[in-house]
Amino acid sequence: MSLKTAQKVVHHADDVSEYVSLDYAARFIRRKVVTTQSGVQVLVDLPKTVSLEAGDALQTEAGDLIGVLAAPEPLLGVKGH
């Protein structure tokens, strides 16, 4: 079985078929294999490094849209005196 390949980013995508959850660092992407929430592996192969935002989508060679979700991350709270 070959990997799906995504070579295009669609901003503010609506009609997504799958979702991938990526933390802040992982959303800076050019070439990487990601796994959707349903377990499908997708090779992201973009022409240059991009910063994905929640709500963007990766478009596969077949035209499918894989939505990008911001993964939950621990936060550091800072308070002044």
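Coordinate-derived values only; no laboratory data. In this text, all values refer to a predicted model and were calculated from it rather than measured experimentally. Here the Cβ is made from the backbone with ideal geometry for all residues, glycine too, and neighbour counts use every protein chain on show.
Among residues other than Ala70 with Cβ under 11 Å from its Cβ, the summed charge is -3 (Lys and Arg +1, Asp and Glu -1). From the mean inverse distance of alpha carbon pairs (Kirkwood) and the Cα radius of gyration, derive Rg over Rh for the chain. That ratio equals 1.06. Charged side chains reduced to their Cβ positions (Lys and Arg at +1, Asp and Glu at -1) give the chain a dipole of some 400 debye around its Cα centre.
Each label point was placed 7 Å from the Cα along the Cα-to-Cβ direction; for Val33 and Lys8 their separation is 2.5 nm.
If you take the charge dipole of the chain about its Cα centre, with +1 on Lys and Arg Cβ and -1 on Asp and Glu Cβ, which of Val40, Val16, Leu76 is farthest toward its positive end? It is Leu76. State the antiparallel share, in %, of DSSP beta bridges confined to the chain, rounding to the nearest 5. Within the chain, antiparallel bridges account for around 65 percent of the total.
What the phi angles of the range 63-78 give under the Karplus curve with 6.51, -1.76 and 1.60, with θ = phi - 60°, is a coupling list of x, 5, 10, 10, x, 9, 10, 7, 5, x, 9, x, 10, 9, x, 10 Hz, glycine and proline written as x. Normalised by the number of residues in the chain, what is the relative contact order in percent for Cα pairs under 8 Å and 6+ residues apart? Over the chain, the number comes to 39 percent.
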